[in-house]
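Taking it in order: structure first as structure tokens, then the write-up.
The values are calculated or read from the model by the stated rules, or taken from the named source; none is laboratory data. Everything numeric in this text was worked out from a predicted model, so none of it was measured. All Cβ positions, glycine included, derive from the backbone under ideal geometry; neighbour counts span all protein chains shown. Each accessible area value is taken on the protein alone, full model and side chains, heavy atoms only, with ligands, DNA and RNA left out. Shrake-Rupley method; radii C 1.70, N 1.55, O 1.52, S 1.80 Å.
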Amino acid sequence: MTYDDWITSLERLERVNDESVKKALLSEGRNENLMSILEPKLIELIKNKFTKSINEIIRTIDEMELDRNSLDLTLSEFKRKVKFVYSLIDIKEISDEQRNVLSELIKTQTTNVYNILLSKIRGADSSGVYEQTIRNNMIKWS
């Protein structure tokens, strides 16, 4: 894959979660010549997409009426987006050190989002249904 192909792919991923582009990048072998210029771009992409996912769920939860089905759908979508972003850290142009940093960042911040949602919902959820919905949709990191 050429540098231009990489940039085109990263621009595509910035706009949408394209599984075919992700698979192509994950299957690409490590190119030491491109690694130093691609790694910062990949890190920026991952952080931007992750931040965007967090901002979307916070905004959605703030605007949402308490509706269990809507909450479940929103949390499922958040989980799907976070898992997509998390899978991008396995691109071979990202060093092991940066991969570990990104992995820890995503796991920690995702847990923080769930904790914020749980604390926010507790006051409005006397039955515990919404809290259980959040807990059921939490990402189980292996």
Q) Under a plain spin-label model, where a point goes 7 Å from the Cα along Cα-to-Cβ, how far apart in nm are LEU118 and SER76? A) 2.3
Q | Crossing angle, helix 32-63 versus the chain [Cα axis fit, 0-90 degrees, rounded to tens] | A | 20
Q | At R0 = 22 Å, FRET efficiency that the Cβ-Cβ distance of GLN109 and LYS23 yields, to 0.05 | A | 0.30
Q: Calculate the dipole size of the chain relative to its Cα centre from +1 charges on Lys and Arg beta carbons and -1 charges on Asp and Glu beta carbons; express the result in debye to the nearest 20.
A: 380
Q. So, in Å, what gap is there between the alpha-carbon centers of region 92-141 and region 12-62?
A. 19
Q) In region 3-67, what percent of the accessible surface is made up of carbon and sulfur (1.4 Å probe, ligands and nucleic acids excluded)? A) 46
Q | the chain - mean residue ellipticity at 222 nm from DSSP helices (-39,500 (n - 2.57) per run, n ≥ 4, rounded to 500) | A | -26500 deg cm²/dmol
(Q) Quick check: residue separation of SER87 and MET138 times 0.36 nm, minus the Cα distance between them. What number comes out in nm? (A) 16.7 nm
Q) Using a ≥ b ≥ c from the Cα gyration tensor of region 9-50 (square roots of the eigenvalues), is it rounded, prolate or oblate, where a/c under 1.5 gives rounded and otherwise the larger of a/b and b/c decides, a/b for prolate? A) oblate
Q: State in Å² the accessible area per residue of region 90-142; use a 1.4 Å probe, count heavy atoms of protein chains only, and round to the nearest integer.
A: 56
(Q) For semi-axes √(5λ) of the Cα gyration tensor in Å, pick the label among (1) 31, 16, 10; (2) 34, 14, 11; (3) 20, 17, 17 that corresponds to the value derived from the coordinates. (A) (2)
Q: Compare the Cα positions of SER27, LEU45, TYR3 along the charge dipole of region 1-70 (+1 at Cβ of Lys, Arg; -1 at Cβ of Asp, Glu; about the Cα centre) and return the one farthest towards the positive end.
A: SER27
Q | Accessible surface, region 24-78, averaged per residue in Å² (probe 1.4 Å) | A | 58
